[in-house]
1. Restricting to the range 75-102, name every residue that is surrounded by fewer than 22 Cβ atoms within 10 Å (Cβ to Cβ) and at pLDDT 95 or above.
2. Does the range 50-67 contain at least one residue that is under 16 Å from the mean Cα position of the chain (by Cα), more than 12 Å from the ligand (Cβ to nearest atom) and within 20 Å of ASP186 (Cα to Cα)?
3. Pull up the range 201-228, narrow it to residues that are touching a Lys or Arg at 6+ places or on another chain (Cβ under 9 Å) and either at pLDDT below 95 or over 19 Å from GLY48 (Cβ atoms) (or both), then point me to the one that is surrounded by the fewest Cβ atoms within 10 Å (Cβ to Cβ).
4. Only one residue in GLY93, GLY128, GLY97, GLY86 is within 23 Å of LYS167 (Cβ to Cβ), assigned by TED's automatic domain parsing to the domain that holds VAL316 and either among the polar types (S, T, N, Q) or touching a residue at least 12 places away in the same chain (Cβ under 8 Å) (or both), so which one is that?
5. Which condition does HIS11 not pass, out of (1) at pLDDT 95 or above; (2) within 16 Å of the ligand (Cβ to nearest atom), if it passes all the others?
6. Which ones in the range 290-309 are away from the ligand (no atom under 16 Å from the Cβ) and more than 19 Å from PHE151 (Cα to Cα)?
7. Kindly evaluate SER121 against the criterion of being in contact with a Phe, Trp or Tyr (Cβ under 8 Å, 6 or more places away or on another chain) and assigned by TED's automatic domain parsing to the domain that holds TYR308.
8. Please go through the range 10-37 and pick out each residue that is under 25 Å from the mean Cα position of the chain (by Cα), outside any strand (DSSP E or B) and within 19 Å of ASP132 (Cβ to Cβ).
Amino acid sequence: MIQLINPYNNHPLTEKDGGYADDTGAFFPKIEGAVRFVKDDNYTENFGFQWNTFQKTQIDSLQSNHTQSKDRLFAVTGWDKISLKGVDVLEVGSGAGRFSQVVLDNTDANLYSLDYSNAVSANYRNNGHHGDRFKLFQASIYEMPFPDNSFDKVFCFGVLQHTPDFKKSVKCLIDKAKPGGEVLLDFYPVKGWFSTINAKYIFRPFTKRMSHPKLLRLIDKNANWLMKLHYFFHKIGVGKIANRFLPVVDITRTLPSNLSKQQLRELVVLDTFDMFSPEHDHPQPIARVAKWCNEFNLDVKFAGLVTYGDNFRVAVVKGIKR
Ligand SMILES: C[S@@+](CC[C@H](N)C(=O)[O-])C[C@H]1O[C@@H](n2cnc3c(N)ncnc32)[C@H](O)[C@@H]1O
């Protein structure tokens, strides 16, 4: 059991009146299954809106033919069920809880999941039935309610590029692992200057400032013709270049091919919103992230691309804390 602390003064917290309090009287309420250390109105409001709107869209167990999250989690981690009995695992940036659910359904680990946004409410609705083995917090990666050197395993998937200071975020994650503990990071990589020559980076300065419901309506309204055009460019063999400039997620290279029409459309709308709405989007080269990890006391065991599912690839750095 990890001792919770007030992240703003490091004093220990004890359970009190439906929340947690420290000896100075500071109180953090538990609302919809998550202990709340921050308010919703921060730079991740878009994610709170996104994951509460698309609460079920990426949850493997709720979608037929969907194993993407399980495939990715086990491809990146290499974990198995037996080795996680009684192990304390920290998940940072849990969103609607697709990876939380894979860990809870497939292992015996104790899972502590945290997100800066109100997505934790969606995660609780998806995974709250797991009871005491699952603990949920709304807090920032920079101010987590746990002492340093606490966790056997720390994982953070698809989050780091969306934080304002990638390098500092890496340090904060490694700080929370025990010496000998494992840290696993997966993130969007950047390969060269051409990585940022595409519709995402052309339109983001405008779209990230739009109201979230308005942006979602705009994407939904245009999804059908954008999908058709994407497939047309793909079919005539110019997809690799032409599709970079379409304001829609790269369907053929990032989404599974075995989905129903409706599932696919919903994922396209979700992923396109996810690409245009975040305040921060700062992908990094894999080698640079590995260098930072090493600087912050992680003995890097792997840094490269991991393949999972329909030949999808994700950038991964993982290692053991010294
Ligand atoms: C693209 S979503 C990924 C969610 C989940 N890991 C998944 O793959 O489904 C990025 C998540 O990171 C969270 N996030 C961004 N900045 C954060 C911070 N400073 N502390 C904790 N979470 C943060 C967002 O709220 C959002 O839910």
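1. Those that are surrounded by fewer than 22 Cβ atoms within 10 Å (Cβ to Cβ) and at pLDDT 95 or above: ALA75, VAL76, VAL87, ASP88.
2. no
3. Checking each candidate, the answer is ASN224.
4. From the options GLY93, GLY128, GLY97, GLY86, the qualifying one is GLY93.
5. All conditions are met except number (2).
6. Once the filter is applied, which keeps residues that are away from the ligand (no atom under 16 Å from the Cβ) and more than 19 Å from PHE151 (Cα to Cα), the range 290-309 yields ALA290, LYS291, TRP292, GLU295, PHE302, ALA303, GLY304, LEU305, THR307.
7. When the stated conditions are applied, SER121 does not pass them.
8. Within the range 10-37, GLU32, GLY33 qualify.
The values are calculated or read from the model by the stated rules, or taken from the named source; none is laboratory data. Predicted model, so just to flag it, every value in this text is computed and none were measured. For neighbour counting, all protein chains shown are included, and Cβ atoms are generated from backbone atoms with ideal geometry for every residue, glycine included.
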